[in-house]
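Visitor: First, the structure itself, so that you have it in front of you.
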Amino acid sequence: MDTRPIGMFDSGCGGLTVLKEYMKELPHEDFIYYGDTAHLPYGDKSKEKIIEYAKNIVEFLLSQNVKMIVIACGTASAQAYEELKNSYQIPIKNIIEPTAKTNLGNTVGVIATKGTIKSEAWKNEILKHHPQATIHSLACPLFVPIVEEGFAGSEISRLVIHEYLSKLQDKNLDSLVLGCTHYPILEEQMKLEMGSKVQIINAGKESAKDTHDFLEQNHLANDSSHVGTSSFYASDDFESFKENAKKLEITI
Ligand code: DGL
């Protein structure tokens, strides 16, 4: 048993969609969440910058005595994971690996930030597990600012979702992977756009299940009578971060 908290980070509020899944899957764990709002968005930054930001956050989380770190950000998972894994002793998990190995069908859509799509991290990881799959990748850079500015669920988000996802409409997708952790906040409107035949994949869910197994297998889980708590940090504008969290029914 290990009672230390799990550290988690994202560029902003997107990773809270991952945290939500973790809270459901691992209700006895404590979490420390860091939103790097000072450097948001990560999606159009260079790999070097993302690594620099991510390392600073990892150092902070280590100072908080976490037992493992979850990169609750698709872009940092794609751009900084290898470097972090090679630089620190502590277990570090990304959201791409556990999601890519699940059943995604034969024709897979992946939507994410520009940086993530350019890195081809999702495509490569999915093909590792499903070599026969056909993958259609699409960058949707407007989704993160829409979510951060509180426009999820509005007519604006509906139009932008339509504009991007119509490019995938004729691809006969079996599944659509939300490769950025901000995107589940737009999931309901995406479902309406794509129709019920396309399975929408939330990477946070897969990551939470994977971490559950990891904690059990390595005797790192918290005691089952403990009621989990979460602490939150943001590098800038904590008030907006708090507002966004409220919309996700996470009270800070
Ligand atoms: N939630 C981040 C991701 O999963 C958002 C990226 C951004 O800040 O642009 O990629």
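Visitor: Scan segment 73-92 and tell me whether some residue there is over 21 Å from E48 (Cα atoms) and buried (at least 24 other Cβ atoms within 10 Å of the Cβ).
Guide: No - not one qualifying residue is present in segment 73-92.
Visitor: Further question: Restricting segment 2-27 to residues that are over 11 Å from G228 (Cα atoms), more than 9 Å from the ligand (Cβ to nearest atom) and among the hydrophobic types (A, V, I, L, M, F, W, C), which is surrounded by the most Cβ atoms within 10 Å (Cβ to Cβ)?
Guide: Applying the filter and picking the extreme gives L16.
Visitor: Now for a separate question. Against the condition of a type in the set (S, T, N, Q) and more than 29 Å from P141 (Cα to Cα), how does S87 come out, does it pass?
Guide: Considered against the rule, which asks whether it is of a type in the set (S, T, N, Q) and more than 29 Å from P141 (Cα to Cα), S87 comes out as yes.
Visitor: Among the residues of segment 108-118, count how many are in contact (Cβ under 8 Å) with a residue 60 or more places away in the chain and either away from the ligand (no atom under 11 Å from the Cβ) or in a loop (DSSP other than H, G, I, E, B) (or both).
Guide: The qualifying residues number 4.
Visitor: On to the next question. Of everything in segment 137-154, what is near the ligand (Cβ under 10 Å from one of its atoms) and not acidic (D, E)? Give them in sequence order.
Guide: Once the filter is applied, which keeps residues that are near the ligand (Cβ under 10 Å from one of its atoms) and not acidic (D, E), segment 137-154 yields P141, F143, V144, P145, V147.
Visitor: Same structure, new question: How many residues does segment 7-48 hold that are part of a helix (DSSP H, G or I), within 21 Å of V147 (Cβ to Cβ) and of a type outside the set (A, V, I, L, M)?
Guide: Residues in segment 7-48 being part of a helix (DSSP H, G or I), within 21 Å of V147 (Cβ to Cβ) and of a type outside the set (A, V, I, L, M): 7 in total.
Visitor: Is there a residue in segment 205-224 that is modelled with pLDDT under 95 and either farther than 18 Å from N94 by Cα or in contact with a His (Cβ under 9 Å, 6 or more places away or on another chain) (or both)?
Guide: Scanning segment 205-224, I find at least one residue that is modelled with pLDDT under 95 and either farther than 18 Å from N94 by Cα or in contact with a His (Cβ under 9 Å, 6 or more places away or on another chain) (or both), so the answer is yes.
Visitor: Of the conditions (1) assigned to a loop (DSSP other than H, G, I, E, B); (2) away from the ligand (no atom under 16 Å from the Cβ); (3) under 17 Å from M8 (Cα atoms), H212 clears all except one; give me its number.
Guide: Of everything listed in (1) assigned to a loop (DSSP other than H, G, I, E, B); (2) away from the ligand (no atom under 16 Å from the Cβ); (3) under 17 Å from M8 (Cα atoms), H212 misses just condition (1).
Visitor: Of the residues in segment 129-165, how many are in contact with a helix residue (DSSP H, G or I) (Cβ under 8 Å, 6 or more places away or on another chain), within 27 Å of N244 (Cβ to Cβ) and assigned to a helix (DSSP H, G or I)?
Guide: Residues in segment 129-165 being in contact with a helix residue (DSSP H, G or I) (Cβ under 8 Å, 6 or more places away or on another chain), within 27 Å of N244 (Cβ to Cβ) and assigned to a helix (DSSP H, G or I): 12 in total.
The values are calculated or read from the model by the stated rules, or taken from the named source; none is laboratory data. This one's a predicted model, so the numbers in the text were calculated from it and none came from an experiment. Virtual Cβ from ideal backbone geometry, glycine too; neighbours counted across all protein chains shown.
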